[in-house]
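Following: one structure in structure tokens, then a few remarks.
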Amino acid sequence: MAKGALALLIRGGTDNWAPERWKARFESELGDRAVVSVAEDRFDPRAVHYAAVWKPDAGALRAFPDLKAVFNLGAGVDAVLSDPTFPQVPLVRVSDEDLTSRMTEYVVMHTLMHHRQQAYLDACQQRREWAPRLQWPAKAVRVGILGMGVLGRHAAQALRSLGFQVAGWSRTAHAADGIDSYAGPDRLAAFLARTDILVCLLPLTPQTRGILCRPLFAQLARDGVLGGPVVINAGRGGLQIEDDILACLDDGTLKAVTLDVFEREPLEVDSPLWRHPAVRISPHNAADTDPDAIAAYVAAQIVDFEAGRPLRNVVDMGRGY
Ligand code: NDP
Ligand code: OXD
């Protein structure tokens with residue numbers, strides 16, 4: 001009997017999400033299992049047992065009556081869960097060393113840029129000005145990570161090893177050597193009050209939507225060596241209120257921000273964020289999912305599933321992440 005096929009439903013438009021690249025990688029990992037690209041191939045929908053998706057159209061998965069599992073080709077599942085017609089099958093997200101390391105690189109790079117006053121040094125270079133400023137040590141800077149999941153915990157360890165004072169905030173407590181843990185809404189204020197650089201690695205859920213707003217920014221520490229609080233958001237754009245970010249930068253509530261994600265993506269060309277001197281922007285590529293790593297991850301999970309072993313990194317539909 002033919003093996004159940006894998007259907008690819010990818011909406012991307014960037015190099016990383018080119019469907020043909022993903023299809024070639026899946027074909028090489030899945031051997032004699034058919035891989036069909038829903039946008040391009042003709043196939044029998046009943047032959048499809050698995051779907052690998054990135055931002056699929058709402059309702060698109062209803063076409064497959066014998067679906068057994070859906071693999072989201074990223075860590076964040078907000079786009080999939082916003083579809084009320086999502087079928088009653090397990091949803092597996094990406095949680096993998098390759099993606100995790102990429103995110104830690106991003107968080108460490110931007111934390112260091114703010115800590116080492118890189119924006120000031122870039123401006124000096126533009127003016128051909130040799131004007132070093134006092135540089136404090138990493139241990140003088142308090143980094144706070146919103147979201148101590150797979151990504152938050154890994155980034156926290158890397159920052160800690162560089163000497164930063166690191167704390168994390170999450171729904172439930174996460175004890176780790178040298179990293180202070182704050183959990184739940186009651187501990188958020190205390191966490192913010194000790195934070196100079198706030199890194200957001202939360203998932204987008206009904207509870208976290210819009211959390212990065214003026215009332216939260218106003219609670220960040222104001223007595224730190226950086227001269228004002230800094231925010232780095234690589235979670236999701238829906239976590240932030242962009243009008244609040246701009247207003248808080250302009251009135252000094254915030255000193256600077258790094259944003260990888262936006263309320264609407266791609267960021268509109270006329271967004272004032274592009275030109276604001278205290279904003280660093282990246283195009284939602286803090287941690288790309290790499291076809292080489294992730295096709296192998298999905299293929300291994302299908303083998304386990306068909307052998308009766310449990311799927312890993314299954315999303316808790318009740319929690320929304
Ligand atoms: P995890 O599910 O492993 O971790 C999520 C963390 O957020 C957990 O610590 C969880 O708490 C915490 N959390 C969730 N809801 C709340 C809440 N209401 N209050 C407090 N804490 C909460 O996810 P990952 O670490 O793998 O990924 C995090 C997010 O990063 C993804 O959902 C995605 O949006 C984003 N991402 C962005 C990328 C990019 O390129 N910009 C790439 C990859 C991911 P608890 O531990 O108690 O459950
Ligand atoms: C993800 C992402 O969630 O790339 O993996 O945003």
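Considering only Gly184, Leu134, Gly210, and ranking their Cα positions along the charge dipole of the chain that arises from unit charges at the beta-carbon of Lys, Arg, Asp and Glu, the one farthest toward the positive end is Leu134.
In summary, the lysines within cross-link reach of Lys3, defined as a Cα separation below 26 angstrom excluding same-chain residues under 8 places away, comprise Lys23, Lys55, Lys68.
Taking the Cα centre of segment 214-321 as reference, the dipole from Cβ charges on Lys and Arg (+1) and Asp and Glu (-1) amounts to some 340 debye. For Ile232, nonlocal amide neighbours, meaning residues 5 or more places apart or on other chains whose placed amide H falls under 5 Å from its own, are Leu198, Val199, Cys200, Thr258.
DSSP beta bridges confined to segment 97-281 are antiparallel in about 5 percent of cases.
Along the charge dipole of the chain, which of Pro84, Leu73, Leu254 sits closest to the positive end, that is, farthest toward it, with unit charges on the beta carbon of Lys, Arg, Asp and Glu (+1, +1, -1, -1)? So the residue we want is Leu254.
Note on the chain: with a GNM built from Cα contacts shorter than 10 Å, the maximum mean-square fluctuation among Thr205, Thr258, Thr85 falls on Thr85.
Between Ser95, Ser282, Ser170, the Gaussian network model of the chain with springs among Cα atoms under 10 angstrom shows the greatest mean-square fluctuation at Ser282. Of all complete DSSP H helices in the chain, those with a Cα span along the helix axis of 15 Å or greater and a mean Kyte-Doolittle hydropathy of 0.0 or more are 150-161, 291-306. Shape descriptor for segment 97-281: Rg over Rh equals 0.95 (Cα atoms; Rh from the Kirkwood inverse mean 1/r).
According to the Kirkwood relation over distinct C-alpha pairs, the hydrodynamic radius of segment 36-112 is 14.1 Å.
Note on the chain: with a GNM built from Cα contacts shorter than 10 Å, the maximum mean-square fluctuation among Glu27, Glu242, Glu40 falls on Glu40.
In Å³ and rounded to a whole number, note down the convex hull volume per residue for the Cα atoms of the chain.
Values: hull volume 48.3 nm³, N = 321.
Convex hull volume per residue, Cα atoms: 151 Å³.
Near the amide H of Ala69, within less than 5 Å, lie the amide hydrogens of Ala51, all on another chain or at least 5 residues away, with H placed in the peptide plane.
Basic side chains Lys and Arg get +1 at the Cβ, acidic Asp and Glu get -1 at the Cβ, and with that the dipole of segment 97-281 about its Cα centre reaches some 480 debye.
Considering only Gly144, Gly12, Met113, the residue lying farthest towards the positive end of the dipole of the chain is Gly144, judged by Cα position with unit charges set on Cβ.
Normalised by the empirical 2.2 N^0.38 Å for globular proteins, what value does the Cα Rg of segment 37-77 take?
In units of the globular-protein estimate, segment 37-77 measures up at 1.15.
Put a plus charge on the Cβ of each Lys and Arg, a minus charge on the Cβ of each Asp and Glu, and nothing anywhere else: the dipole of segment 50-185 about its Cα centre is then about 460 debye. Here's how it looks for Ser37: its modeled amide H is under 5 Å from those of Leu8, which are all 5 or more places away or on a different chain.
In straight-distance terms, cross-link reach from Lys139 covers every one of the aspartates and glutamates whose alpha-carbon lies under 18 Å from its own, apart from those fewer than eight places away in the same chain; here that gives Asp177, Asp180, Asp196, Asp223. Enclosing the Cα atoms of segment 230-321 in their convex hull gives a volume equal to 130 cubic angstrom per residue.
Restricted to Cα atoms, segment 152-229 shows a radius of gyration and a Dmax of 12.5, 35 angstrom.
In the chain, the portion of solvent-accessible area held by carbon and sulfur atoms comes to 52 percent [1.4 Å probe, whole percent, DNA, RNA and ligands not counted].
The values are calculated or read from the model by the stated rules, or taken from the named source; none is laboratory data. As the structure is a prediction and not an experimental result, all values here were calculated from the model. Note that each Cβ is placed from the backbone with ideal geometry, even for glycine, and that neighbours are counted across all protein chains shown. Note: accessible area is taken over every heavy atom of the protein model, side chains too, but ligands, DNA and RNA are not part of it. Shrake-Rupley method; radii C 1.70, N 1.55, O 1.52, S 1.80 Å.
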